[in-house]
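Shown next, in structure tokens, is the structure this report addresses.
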Amino acid sequence: AWALVLSKYSGQQDVVFGATMSGRPATLEGCEAMIGLFINTLPVRMRLDGAEGVAEWLRRIQQEQVELREYEYSPLVQVQGWSEVPRGTPLFDSILLFENYPEDETFHQESLLGGTLDIVEGYTIERSNYGLAASAFAGKYLHLGIKYDTSRFEADTIERMLRHWQRLLESILSNPHQRLGELSMLTDEEWQTIIDWNQTEHDYPADKCIHQLFESQVERTPDAIAVVYEDASLTYEQLNRRANQLAHRLRSLGVGSETFVGICMQRSIEIVVAILGVLKAGGAYVPLDPAYPAERLVFMLEDTRARVLLTQPFLTDQLGWYRGTIVSLDRDWQEMAAYSKENPVNEVSPESLAYAMYTSGSTGWPKGVMIAHRGVCSHVIGWLQANFPLTGEDRIPQKNLFSFDVSVREFFWPLLTGARIVMLKPNGHLDSRYLTELIAQHRLSNIYFVSSTLQLFLEEDELDGCDSLRYVLCGAESLSAELQEQYFSRFDANLYHFYGPTENTITSTFRQCHRDDIGRMAPIGKPIANTQVYVLDPLLLPLPPGLPGQLHVSGVGLARGYLSRPDLTATKFIPDPFSPLPGSRLYSTGDLGRLLASGEVEFLGRIDDQVKVRGFRIEPGEIESALLEDETLSQALVVARQDGGLDRRLVAYVVARAGSRVDQERLRQRLRKRLPDYMQPSAIVELDRLPLNANGKVDRRALPEPARQQAAEQGRWHAPRDGYELEVASIFEQVLGVGRVGVEDNFFELGGHS
């Protein structure tokens, strides 16, 4: 049972702890009368297989313990030498002591030395050299206790651990024929608390689709401005009519329910028309960033079997490889003007797909996440509008990339509530000065940032004109204590921290940050409306507050799955054992977290190699697969590093095949053809071999920091030739912390990013 406690608390299914032996075997005559310290502590290693029966597991442990008795005199230092654990690293950091002394009432009363000595009272003072020392004393009852290092553990934690230890013992006794994976240490009170925290039901128009809610808003505010881009604008009525004409045109091209339509456009009013037109036609849109490499765009269009591609005239030349129908909204508008301006009738339902958003995939290609109308409607009306209500006076910027799922919120939240979308110019989200001017000009009321871009925004000198902001929303990355402090030193607007995978319609949890929170990393909060969040162990049993496990989410916003990937869908979207509704599913996020006593969730990292770099979710395996397509490489490993004062960046480590030479420029060209800019490694490091640990796995901590090869070191340094080049070189040196920069040096290869 102690092994189970350690397994649950650590999230590991292979645990080691120390067990104290008496050193007085029953086979040694008179051993109980011998004076001296015979005890010895030896490591006990237990592997837990959830499919194994409890009774069989206990028998196996008993047999192992019998075998262990043959070695109970072995000094611990000798055992350490036999193991693969390096010297100086403890074999275990907790011990278990089972005390089984005979309790004889006459022992305390009878004279030990002719009636001259009585034992009236006894007490002990004990000290352990380990952080946790668990003990079980077998008398009339089984007494459990834990001594602990108060500098490492809180009393509440130890009391909870004792309750869980007791609960596991009771669970074993209640049914020794159950499987190991079915043993639960969750108390009834803890489970009820988790259920209460997930009572998030909230009304939303469950019988409506996105475009139908938009059409209802058009009827309420036909003359209100719906979208603005620089000097151009459209009212709700004008936007609806244009979208209707496009929808009828798409219907004539065969677009209907569950039909994917690609949209490859830069930020503009036309992109809003395109999205609504696809939905009104009954289709699902696929956002395609024009900056993506052609290979990636080809894959996404072939994967979705998109028969129509919406774009802009200046992009048609670079899309000449597409074999479907290309509709250029600007160039072809005269043709579309002949189509009806009335709302089209289609057969889509709230369960129909609204869009497919592509995220990085570990197989070497991105994967398409399929989201239905009902998820967006619940997100916007059931949660956003209920907690952050917008009116016709609100102006909301559309600043995030079209291929980033936060853009869905930026489009539909204002359009379904009568507010106004203010479109940023292309790449405007990268320009903090432009952003502050736009906020002041349009009196924007709320805005969403990735943490790293919020940092840049707060470094602007002039923020006085941003006093119109009521809400600042932040997500996609951790929100540090330092960043919160910087924010509240410059802003009075409410700050909210959001968390959510694309697979659960943008957001799963949220939390309002407060000034008195300063000093700790912001938790990711509580579940949003119509969403449930569970922290589960590797055997998919719920964990109580305080224990780390994998975050799982469920609810109305859950995606249908991954397009054309039934295997991956079955792995990541699993049956929900906690819901009474048939067919309910859980999404395994791959994120580590734990429940806090407040009911909020604390984010702890990943269970796999997936990383977040400047808000982008990246599977290093996709980059590694692209690298290994080069015949000169035998191994490739991509990690996210943060060396010195640099921001987090991607670094690729490669090993050449025997007799081959690594051509870094050729590798970079290969990656540029396949991957978007944010997935390009800032450095490629060639190694003779990847460092391995004692278990034969790659030792990531032993990977060397990439040397920033400057032109001067490679013998091709050329001095700046005028004042402009001299100033740019000086900026490179200051920002990147490097030596002499010449005109041949590359900002990105020196560790910089956009």
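Each principal axis of segment 443-560 carries a Cα extent, and these read 52, 32, 20 Å when sorted largest first.
Please state, rounded to one decimal and in Å, the Kirkwood hydrodynamic radius that the chain gives when every pair of distinct Cα atoms enters the mean of 1/r. Computed over Cα pairs of the chain, the Kirkwood hydrodynamic radius comes out at 30.1 Å.
Per residue, the accessible area of segment 420-472 comes to 42 Å², computed with a 1.4 Å probe over protein heavy atoms only. The chymotrypsin sites (Phe, Trp or Tyr not before Pro) of segment 27-84 meeting both criteria, a DSSP state outside H, G, I, E and B (loop) and at most 16 other C-beta atoms within 10 angstrom of the site's C-beta, are F38, Y73. Shown here: segment 208-332, whose C-alpha atoms stretch 44, 33, 21 Å along the first, second and third principal axes, sorted largest to smallest.
Working note: Cα gyration tensor of segment 339-432, eigenvalues times five, square-rooted, sorted largest first, giving semi-axes of 23, 22, 15 Å.
The fraction of accessible area contributed by carbon and sulfur in the chain is 49 percent, rounded to a whole number (1.4 Å probe; ligands and nucleic acids excluded). Altogether, the Stokes-Einstein calculation at 20 °C and 1.002 mPa s, with the Kirkwood radius of segment 148-273 over Cα pairs as Rh, returns a diffusion coefficient of 101 µm²/s. Residue farthest toward the positive end of the dipole of the chain, with Cβ of Lys/Arg at +1 and Asp/Glu at -1: which of Y73, A493, S660? Of the listed residues, the answer is S660.
Once the Cα atoms are used to define both axes, helix 188-197 deviates from the longest principal axis of the chain by about 10 degrees. Accessible surface for segment 506-625, divided over its residues, is 38 Å² per residue with a 1.4 Å probe.
Scaling against 2.2 N^0.38 Å puts the C-alpha radius of gyration of segment 24-68 at 1.66. Beyond 25 Å, what percent of the Cα pairs of segment 526-633 remain? Cα-Cα pairs in segment 526-633 separated by more than 25 Å: 29 percent.
Of the GluC sites (Glu not before Pro) found in segment 553-636, those in coil by DSSP whose Cβ has at most 15 other Cβ atoms within 10 Å are E629, E631. Computed over every Cα-Cα pair of segment 450-493 and binned at 10 Å starting from 0, the pair-distance distribution P(r) comes out as 26, 62, 12 percent.
With the charge dipole of the chain set up from +1 on Lys and Arg Cβ and -1 on Asp and Glu Cβ about the Cα centre, the Cα lying farthest toward the positive end among the listed residues N343, T27, P580 is that of N343.
Helix 155-174 versus the longest principal axis of the chain: what angle, 0 to 90°, nearest 10, using Cα atoms? For 155-174 against the chain, the angle is about 80 degrees. The tail of the calculated P(r) for segment 197-262, taken as Cα-Cα distances beyond 16 Å, holds 63 percent of the pairs. For segment 242-302, evaluate the Debye formula with one uniform point scatterer on each Cα (no solvent term) and list log10 I(q)/I(0) at q = 0.12, 0.23, 0.26, 0.30 Å⁻¹, rounded to two decimals. Taking Cα atoms of segment 242-302 as identical point scatterers yields -0.28, -0.91, -1.04, -1.17. Work out the P(r) tail for segment 304-462: percent of alpha carbon pairs separated by more than 21 Å, whole number. So the pairs more than 21 Å apart make up 63 percent of the total in segment 304-462. Label separation (V728 vs V120): 9.2 nm, computed from points 7 Å beyond Cα along the C-beta direction.
What value, in deg cm²/dmol to 500, does the helix sum -39500 (n - 2.57) over DSSP H runs of n ≥ 4 give at 222 nm once divided by the residues of the chain? Theoretical 222 nm ellipticity from helices: -8000 deg cm²/dmol.
The charge dipole of the chain, taken about the Cα centre with unit charges on the Cβ atoms of Lys, Arg (+1) and Asp, Glu (-1), comes to about 2100 debye, rounded to the nearest 20.
Shown here: segment 321-368, whose C-alpha atoms stretch 46, 34, 16 Å along the first, second and third principal axes, sorted largest to smallest. Applying the Kirkwood pairwise sum to the alpha-carbon positions of segment 571-617 produces a hydrodynamic radius of 12.9 angstrom.
The residues of segment 179-333 expose on average 40 square angstrom of accessible surface per residue, using a 1.4 Å probe on protein heavy atoms. Calculated on the alpha-carbon coordinates, the convex hull of segment 1-40 measures out at 91 cubic angstrom per residue. When you filter the trypsin sites (Lys or Arg not before Pro) in segment 398-470 for DSSP loop state and at most 16 other Cβ atoms inside 10 Å of their Cβ, you are left with R443, R470. The alpha carbon convex hull volume per residue for segment 1-92 rounds to 127 Å³.
The values are calculated or read from the model by the stated rules, or taken from the named source; none is laboratory data. Quantities reported herein were computed from a predicted structural model and do not represent experimental measurements. Ideal geometry is used to build each Cβ from the backbone, glycine not excepted, and the neighbour counts take in all protein chains shown. Keep in mind that these areas ignore ligands, DNA and RNA; they rest on the heavy atoms of the full protein, side chains included. Shrake-Rupley method; radii C 1.70, N 1.55, O 1.52, S 1.80 Å.
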